[in-house]
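In what follows, a structure is listed as structure tokens, so that the remarks can point back to it.
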Amino acid sequence: MRRLAFVVALGAAACVGGPERGPAAGGRELVVGAGADATPSGAFQARLGVYPLNTNVAEPLVQLTSDFHVQPLLATRWEYRGANTWRFFLRPGVRFHDGQVLTSRAVKESLLQVVNARQGYSFLDEHSFRLPNDTTVEITPTEPNLRLPEQLVHPNYSIFAPGTNPGVRPVGTGPFRFIAYRPNDRIRVARNDSYWGERAILDRITFRFFPDATTRVLALTAGEVDLIVDLPREQVGTIVRRPDLRVARASPGLILALQVNSHGREPHGLLADRRLRHAIGLAIDRGGLVRQVWGGEADTVQNMTVPQVLGAFADSVRGFPFDPRAAADVLERAGWTRGPAGIRVKGGRPLRLTLLANPETDMGTAEFVQAELRRVGMDVTWLKLPDLGSYAARLARGEFDLNLSVSNQNDANPLFLPALIYHSRSTRPFARWHLAGARFDQVVDSGMRVADPVQARHLAARAIHLAVDEEAVLIPIAALYRLYGMKRTIGGFLPHPSQTNQSWSGVTVEATAAP
């Protein structure tokens, strides 16, 4: 599997774009408080204004609906031609923000950027594209891949104007156009009045970056921003008690889980023993976590993806019951006995593990996991890293035992997360520490080859069953609701379960009465 990391060359204090002027003064502007700016670090395939923060400046051929299906966008339709080839028919009359016409050549050039940067696991190379005419493009992956349309919904496959650099100034076809960017500060967009579809309602949107969640909330309560992304669950009560504010929830698109380093070398090789991995799964009280830490803002789902993506096959992934006594029995049988201060010891070596967590992960969750594992005799040290860049670097080096991750289902392919994180041919830097084994690879590969989407869901569920129930290289914890806090003057905001596919076109800002 191939996955790309876009490297964006931007100075730490640079300002990209022209003067920060949008439409005429007095127009409707939305100010959004987002999390950390991922673009300067290049962590996790960051792309300016497109991923992981989607400002709607660019669009892919197809888009992801809120129920994880594929529908037309820049392509009006597509068909399978046989021989591992898909044909996409482009929407006529679409222009990029600089006036260039959308053509099959523009599609090829944009997707070649993905290929050359080694992004995606769609098996594309420079020979994958044939252009029958200006409005038709045929795509043939280098390996069997009948999941291609389901993958192309991801914002990283967005189409940009030929001859432009989307990492510096994205020139797309979207309902908003790029205005300016200040790293770690803000990005501004304005309505594209020449948009091919229904025009956006807002004149401008400014996305401001607040890495600290508390600062983000304070910006909302002080009136500095209109809407904030990823409202901390402990602040929900504060927001709902304010008559001028409200909370919106996206249906689950996020899976909270422990990714296990089962292949690391010493001193990070304890979890090569599958029994220890199973003991971890048995030791965590997921219901207690949802009640005590998340305040009910999560579901105790045990899976690698949201069940909706797997359909009727989701129940074939069992997960782990909360059974600390069984966890203790497993550890005893594996030779780990209680030692000083209750920490288990084997051959004179204490059972100590290192935990990483995304810097934006709820602190209470990491502390809860630490306490649960301590109760069965595992001493877990949580390394609190300052930013996404240092977190991603440590993951890539394998300097951890457990990674408390939040995985997003960002495309319609049920094999998306299994292939991305646990397949032996994934080039995601940290994937080699999580590999689920040869049987897992075979099932994923089969799922990429089948035409029937129902069969693909069946095979995805089988692969996840192997990774979770048998190999325990993933310990699922919960499916999270993504929370937004906003002023009551904001209307038309429909939270997408995949935040990277969020649409801002229908959002409105009502005028407030003068005091």
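The values are calculated or read from the model by the stated rules, or taken from the named source; none is laboratory data. Predicted model, so just to flag it, every value in this text is computed and none were measured. Methodologically, a virtual Cβ is constructed for each residue, glycine included, from the backbone with ideal geometry; neighbour enumeration extends over all protein chains shown.
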Qualifying residues in region 342-373 (those that are part of a helix (DSSP H, G or I) and touching a helix residue (DSSP H, G or I) at 6+ places or on another chain (Cβ under 9 Å)) - the one modelled with the lowest pLDDT: G364
Answer yes if at least one residue in region 69-77 is in the same structural domain as E198 (by TED's automatic domain parsing) and over 30 Å from I179 (Cα atoms), and no otherwise. yes
Failed criterion for P497 (all others in (1) more than 19 Å from the chain's Cα centre (by Cα); (2) assigned to a loop (DSSP other than H, G, I, E, B); (3) closer than 17 Å to V301 by Cβ hold): (1)
Considering each of A180, A219, A200 in turn, give the residue that is in contact (Cβ under 8 Å) with a residue 60 or more places away in the chain and either in the same structural domain as P386 (by TED's automatic domain parsing) or assigned to a strand (DSSP E or B) (or both). A180
Could you check region 260-271 and list, in sequence order, the residues that are closer than 15 Å to L331 by Cβ and modelled with pLDDT of 90 or more? L271
Restricting to region 293-338, what's the tally of residues that are hydroxyl-bearing (S, T, Y) and under 20 Å from V454 (Cα atoms)? 2
Within region 467-486, the residues that are surrounded by fewer than 19 Cβ atoms within 10 Å (Cβ to Cβ) and either out of contact with any Lys or Arg (no Cβ under 8 Å at 6 or more places or on another chain) or free of Cβ contacts under 8 Å to residues at least 12 places away in the same chain (or both) are E470
Kindly establish whether V309 is buried (at least 21 other Cβ atoms within 10 Å of the Cβ), assigned by TED's automatic domain parsing to the domain that holds L404, within 21 Å of the chain's Cα centre (by Cα) and not aromatic (F, W, Y). yes
Single residue of I464, I475 found to be outside any loop (DSSP other than H, G, I, E, B) and over 22 Å from E150 (Cα atoms): I475
When you look at L254, is it touching a Phe, Trp or Tyr at 6+ places or on another chain (Cβ under 9 Å) and at pLDDT 95 or above, yes or no? no
From the list V189, V137, pick out the single residue that is among the aliphatic types (A, V, I, L, M), surrounded by 24 or more Cβ atoms within 10 Å (Cβ to Cβ) and over 23 Å from the mean Cα position of the chain (by Cα). V137
Kindly list the number of the only condition in (1) farther than 30 Å from L353 by Cα; (2) in the same structural domain as E332 (by TED's automatic domain parsing) that fails for G281. (1)
